[in-house]
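The structure appears right after this line, and notes come after that.
The values are calculated or read from the model by the stated rules, or taken from the named source; none is laboratory data. Remember, it's a predicted structure, so these values are computed and weren't measured experimentally. All Cβ positions, glycine included, derive from the backbone under ideal geometry; neighbour counts span all protein chains shown. All accessible areas refer to the heavy atoms of the entire protein, side chains included, with ligands and DNA or RNA removed. Shrake-Rupley method; radii C 1.70, N 1.55, O 1.52, S 1.80 Å.
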Amino acid sequence: MLRHVLTYMEDAVSQLLENREDISQYGIARFFTEYFNSVRQGTHILFREFSFVQATPHNRASFLRTFWRCFRTVGKNGGKYSSVCCYLLTAQEYHCLLQLLCPDFPMELTQKAARIVLMDDAMDCLMSFSDFLFAFQIQFYYSEFLESVAAIYQDLLAGKNPNTVIVPTSSSGQHRQRQPPNDCNPLEGVEASLFYQCLESLCDRSKYSCPPSALVKEMLSSVQRMTFYGFLMALAKDEGINRALGALPDKGDLFLDPAMDQELEKLVAQVSGLSVSGPASSSADTANMPVRNSPRINSPWKPLHHRRKMDAESEGSNEETDSSEN
């Protein structure tokens, strides 16, 4: 993360200038302290624009971890579509969840992740949370790598030996439309050993995040031929790659989050304690109960689109007030 410090400094200064009126009451030193604490904790990506969410590997890992922590209950609660204890959702529904954290998250990226799970099935088919999450992790975190892999795979299918490794530029980070490679081949994909040689060269040259070469080699050495989506599915299911990325727990622990569960238990206990008062309690007793004011410290900065929305609403309310006075 150290090599991306400049990215965070530029963003912090931009936030400071954009919200300087609010920050003036807290102080600049406190703002920078809270900003970089949020970066360290991974909460800095909440409700931010997609260009920022995907800007660094740390941002991407933080977004993955936040998505899992916020919506892991989708995977362990029963739903109307399932006979087992998990909700099954469509790609569109998962996209709605992603937009709760990042309002301009692109649908195209969600569809690519869903295609890893569904292969040739219709895109409106239902998926479990765990299947979508691990496929989404690979597609989102390694998006530039997968764009190059798709191009290499197409060349190998056409009988070409890619001498030049295609490395996406920064503009390709906007997740342009990728034509799904044609896996309907009589030979079922490409030769795995040649495929790995090309991917090894790609990983050596690419400036973007790539899966560990040793794990990719182990994956491809166990088969003679490999299809494109078979490769993506293998990446999504590989526990070693998941651990190397470090954003999500192992699949067996996917629905366990002791820290979050403990916080939820505290909240439930507090709510239960407040509702224990019986019907016999008089209004006088209620009035004499001490009121505990929990200290609340507002964040010295807020997402820019929220501020703009608040300013617009404020201007609208002023216009209504002026018209009423007239």
Which pairs in the list K237/K266; K160/K251; K112/K251 are over 32 Å apart, alpha-carbon to alpha-carbon? K237/K266; K160/K251
Going highest first, how would you order 13-26, 146-159 by mean Cβ packing within 10 Å? 146-159, 13-26
Accessible area per residue, 1.4 Å probe, Å², for region 1-41: what's the number? 67
If I model a spin label at M119 and A29 as a point 7 Å from the Cα along the Cα→Cβ vector, what separation in nanometres do I get? 6.1
Please list, ordered by chain and number, the residues whose modelled amide H lies under 5 Å from the amide H of R225; skip anything fewer than 5 residues away on the same chain. A192
Starting from the Cα gyration tensor of region 19-161, take the square roots of the eigenvalues, sort them a ≥ b ≥ c, and report rounded, prolate or oblate (rounded when a/c is under 1.5, otherwise prolate if a/b is larger than b/c, else oblate). oblate
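Could you rank the peptides 253-260, 191-198 by their average count of other C-beta atoms within 10 Å per residue, with the highest value first?
Values: 253-260: 12.8, 191-198: 17.4.
Ranking the peptides 253-260, 191-198 by packing returns 191-198, 253-260.
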